Amino acid sequence: MRNPTCFLVLLALYIGACTAEPVASLSANPEIPAILQTHLKLQKIENQQRAPAELVDHFIEQAEAQFPIFAQEADFQNLSILHFECFSIYLSPLDEPGDYLALLSSAGQNTRLLFVEWGLQNGIFYLQLLAPDGEGLRFFESTGFEGEENAIQDARMGSLYPCCYGSKEEPLSWLNRFKKDWNDWLGNDPKKLATWVKGMPVGGILAMYGYAGVYLD
């Protein structure tokens, strides 16, 4: 990859995923919790879906350029799709259960890509997201938050997607956006982050939503 540090982080995440417990063993709530509908304006979650051919081609192109290791194993024809009011997230499953490439796409066709991993390790919930530039957000139920943030943050955060985020706020980094949303909406309760909705943890949905709010325009 272009960034050796990013490659090493990805390799570590990939090795860790091999020991993860399958997400399929977790009980899933088929309904979208009201809090996600109210605060995140999450309208619908679809599993095992196909996306328009043009979007799939773009997804593959971006994956091969930014996450070439995972692009080789991604299933771009069997997607989970989260429909928000202002954007959508397309999750392409990887070989390990709970591992995905996530394409975030706005109505204006602007896109961002993430590597996403979630599940259980020795009965402990964990969540990891990694951007192509090496910035990451990690949460382990046993140890809390970790994160790698870029020094330059997007000062427009808060003005992006006013239909989703409301009026302009003080700019926040991705990690701090996630922490703030978790505190404001879920009361810092780790169990709520680990609540499963159609095979996805609320924490993962919240983290991808936060990334879109900071970086997607």
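Couple of notes before you dig in:
- Solvent-accessible area per residue for the stretch 167-216 (1.4 angstrom probe, square angstrom): 34
- In terms of accessible area, using a 1.4 Å probe and ignoring ligands and nucleic acids, ARG138, ARG50 rank largest first as ARG50, ARG138.
- Table column - 3J(HN,Hα) (Hz), the stretch 49-55, Karplus curve with 6.51, -1.76, 1.60, x for Gly and Pro: 10, 9, 9, x, 4, 4, 5
- Per-peptide packing, taken as the mean over residues of other Cβ atoms within 10 Å, places 31-42, 83-94, 175-186 in the sequence 83-94, 175-186, 31-42 from highest down.
- Long-range HN-HN contacts of LEU42 with modeled amide H, under 5 Å: GLN37
- Computed about the Cα centre, the dipole magnitude for the stretch 167-216 is approximately 140 debye when only Lys and Arg (+1) and Asp and Glu (-1) carry charge, each at its Cβ.
- Rg/Rh, computed from the Cα trace of the stretch 167-216 with Rh as the Kirkwood radius, has the value 0.99.
The values are calculated or read from the model by the stated rules, or taken from the named source; none is laboratory data. Being a predicted model, the structure only gives us computed values, none of them experimental. Glycine also receives a Cβ, built like all others from the backbone with ideal geometry; neighbour counts cover every protein chain displayed. Heavy atoms of the whole protein, side chains included, go into the accessibility calculation; ligands, DNA and RNA do not. Shrake-Rupley method; radii C 1.70, N 1.55, O 1.52, S 1.80 Å.
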